[in-house]
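Here's the structure we're looking at; comments come further down.
The values are calculated or read from the model by the stated rules, or taken from the named source; none is laboratory data. Bear in mind the structure is a predicted one, so any value in this text is a computation, not a measurement. Reconstructed Cβ throughout: ideal geometry from the backbone, glycine too, with neighbour counts over all protein chains shown. We work out accessible area using only protein heavy atoms, side chains counted, and drop any ligands, DNA or RNA first. Shrake-Rupley method; radii C 1.70, N 1.55, O 1.52, S 1.80 Å.
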Amino acid sequence: MKKERCMLFFDIDGTLITTDGKRTFPESAKRALREARERGHLVYINTGRVMENVDDFIREVGFDGYVCGCGTYIVSEGEVMLHHRIPQERCREIAYKCRECHMMAIFEHTDHTGYDSALAGEDAGYQEILHYFKSMGRHMIDNIEDPEFCFDKFACWYEEGNPKLQEFIDYMSEDFTCIQREGNFLEVVPHGFSKATGIRFLMEKYDIPLERIYAFGDSNNDLDMLRYVQNSIAMGVCTEEVAEAASYRTDTVEQDGIEKAMRHFGMIE
């Protein structure tokens, strides 16, 4: 019997592609995603990345849409369904607070990537991150007073023992959620938006019940969506919190974890 149409949501880093620096997208995962779509299932990226930062080699596999920026930007069937915008004045206030608290931020907008050049030369790790974005040909804004400067969400790195870390988190807590990622890394997202809200938006649009929604992830910014859906899949390498939140654990990215999980749930043969 053919399985009723389902919706599948996939994190990128550590889920669809490897995090070993090679950024490998296994052929087994590509094959499984394509087969699922051929069978009528809806397949979405659900990522903390903004749309600009979803690489072409990922997009070319073929998806029905994208939930980007932790739910702040949603595209389905080629149409922008939602784009939450933060007032530019607030964006600049936050950028100056990052400078004051020495939080080395990457300000992510669907059309460009921003950073504060005043901090860019102070940390080798931050320089490496900036080099990565520049090497990918991203439109970069290095001046927070630039007329185009704004963002949908941002990520920031901090030095161990930063005395202003809690002050920064408290400052942001009024209208943003700070997600502690692995290492000294925060992902900062407007209140009311998450990977889970992106799923809810699309399942309501397509009238697909929760029991036919599947989410795949490995990291702490996947927790909201993994806890929201009934069919939550953790990758073989994941955080302890993700392992506890998921209803099923598959193999690693490299060991065909996506294909194995999709076969387990009957999405593919």
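So that you can scan it fast, the table gives a plain yes or no per residue for (1) of a type in the set (A, V, I, L, M, F, W, C); (2) modelled with pLDDT of 95 or more:
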site	(1), (2)
Asn46	no, yes
Met51	yes, no
Ile58	yes, yes
Phe63	yes, yes
Gln88	no, yes
Asp123	no, no
Arg138	no, no
Glu145	no, yes
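Take the residues of the range 15-35 that are of a type in the set (Gly, Ala, Ser) and buried (at least 21 other Cβ atoms within 10 Å of the Cβ): which is nearest to the chain's Cα centre (by Cα)?
Ala29
Can you pull out the residues in the range 129-155 that are in a loop (DSSP other than H, G, I, E, B), of a type in the set (A, V, I, L, M) and surrounded by fewer than 17 Cβ atoms within 10 Å (Cβ to Cβ)?
Selection gives Met136 alone.
Restricting to the range 62-75, name every residue that is open to solvent by 10 Å² or more (accessible area, probe 1.4 Å) and of a type outside the set (Gly, Ala, Ser).
Passing the criteria: Phe63, Asp64, Tyr66, Tyr73, Val75.
Give the range 104-128 a look and list any residue that's open to solvent by less than 40 Å² (accessible area, probe 1.4 Å) and of a type in the set (A, V, I, L, M, F, W, C), or say none.
Correct list: Met104, Ala105, Ile106, Phe107, Leu119, Ala120.
Step by step: first the residues of the range 104-128, then only those that are touching a residue at least 12 places away in the same chain (Cβ under 8 Å) and part of a helix (DSSP H, G or I), then the one that is nearest to Val67 (Cα to Cα). Which residue is that?
Tyr126
Quick check on my filter: what residues within the range 1-14 are open to solvent by 20 Å² or more (accessible area, probe 1.4 Å) and farther than 13 Å from Leu42 by Cα?
Met1, Lys2, Asp13
Of all residues being charged (D, E, K, R) and part of a loop (DSSP other than H, G, I, E, B) in the range 76-103, which is most open to solvent (accessible area, probe 1.4 Å)? Just the residue, please.
Arg85
Looking at (1) more than 15 Å from Gly48 (Cβ to Cβ); (2) in contact with a strand residue (DSSP E or B) (Cβ under 9 Å, 6 or more places away or on another chain), which one does Asp170 not meet, given that it meets all the others?
Against the list (1) more than 15 Å from Gly48 (Cβ to Cβ); (2) in contact with a strand residue (DSSP E or B) (Cβ under 9 Å, 6 or more places away or on another chain), Asp170 comes up short only on (2).
Return a yes/no flag: does the range 221-242 have any residue that is open to solvent by less than 30 Å² (accessible area, probe 1.4 Å), basic (Lys, Arg) and either in contact with a helix residue (DSSP H, G or I) (Cβ under 6 Å, 6 or more places away or on another chain) or in a loop (DSSP other than H, G, I, E, B) (or both).
no
Identify, please: which residue in the range 156-185 is within 30 Å of Ser247 (Cβ to Cβ) and modelled with pLDDT of 95 or more and is, among those, surrounded by the fewest Cβ atoms within 10 Å (Cβ to Cβ)?
Ranking the candidates gives Cys178 first.
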